[in-house]
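Let me begin by presenting the structure, written as structure tokens, before commenting on it.
The values are calculated or read from the model by the stated rules, or taken from the named source; none is laboratory data. Here the structure is a predicted model, which means the values were calculated and not measured. Ideal geometry is used to build each Cβ from the backbone, glycine not excepted, and the neighbour counts take in all protein chains shown. Accessible surface is based on the protein model in full, side chains and every heavy atom, while ligands, DNA and RNA are left aside. Shrake-Rupley method; radii C 1.70, N 1.55, O 1.52, S 1.80 Å.
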Amino acid sequence: MRKQLRLSGSGGQGVITAAIILAEAAVAEGKEAVQSQSYGPEARGGASKSEVIIDDGPIYHPHVLVPDLVLAMTQKAADKYYSDLNPDGLLVLDDSLVPETPDFPHVVRIPITRLAVEKVGRPLFANIVALGALVRLTGLVKFETIRQSVAHRVPPHTVEQNMKALQVGWDAAGDAKK
């Protein structure tokens, strides 16, 4: 059950943190996981991506070759990172920041950043909203496990808001159409 995911956006959106949390949750459930990342030329604002591979067995190659899922939090990320997506895979777009949908058969559009602002109070929580949506869309880890991983990884004074963000993303994915 190997799954390869690519989370992409611009620097500062937290896609790397989200990928680390997802990998930690998978390991907590006894799965194998690897996580890698790359940044654009500038830390904030440049293109960034983080990749996660989750499997029941050993992972010998730590980089995603053909992603099963691509999350794109910006138009630039969508245009740049979806081209090698598995034809049966899923492209998840932040409806708030990706106005043009790439030509791909399986797309889910969720207003991730808008939901972070409206429901949690700040765009800072968009990565955790996205994480909640990805967990629901993929079923790779249990919701309770991802809650524990988020709580473990985020600053203590933000745990409550991050739990809310996770739930908002989970709910939004349930409402989204595949």
Residues that are assigned to a loop (DSSP other than H, G, I, E, B), of a type in the set (Asp, Glu) and touching a strand residue (DSSP E or B) at 6+ places or on another chain (Cβ under 7 Å): does region 30-39 have at least one?
no
Among the residues of region 47-105, the number that are polar (S, T, N, Q) and under 16 Å from the mean Cα position of the chain (by Cα) is 5
Going through (1) part of a loop (DSSP other than H, G, I, E, B); (2) open to solvent by 50 Å² or more (accessible area, probe 1.4 Å); (3) closer than 26 Å to Leu124 by Cα one by one, Val27 fails only at (1)
Residue count, region 7-18, condition over 18 Å from Arg122 (Cβ atoms) and open to solvent by 10 Å² or more (accessible area, probe 1.4 Å), comes to 1
Considering only strands (runs of 3 or more DSSP E) wholly within region 66-178, the ones with at least 1 residues that are among the basic types (Lys, Arg) and surrounded by fewer than 17 Cβ atoms within 10 Å (Cβ to Cβ) are 107-110
Residues of region 126-145 being more than 20 Å from Lys49 (Cβ to Cβ) and either of a type in the set (Ser, Thr, Tyr) or out of contact with any Phe, Trp or Tyr (no Cβ under 8 Å at 6 or more places or on another chain) (or both), in sequence order, are Gly139, Val141, Lys142, Glu144, Thr145
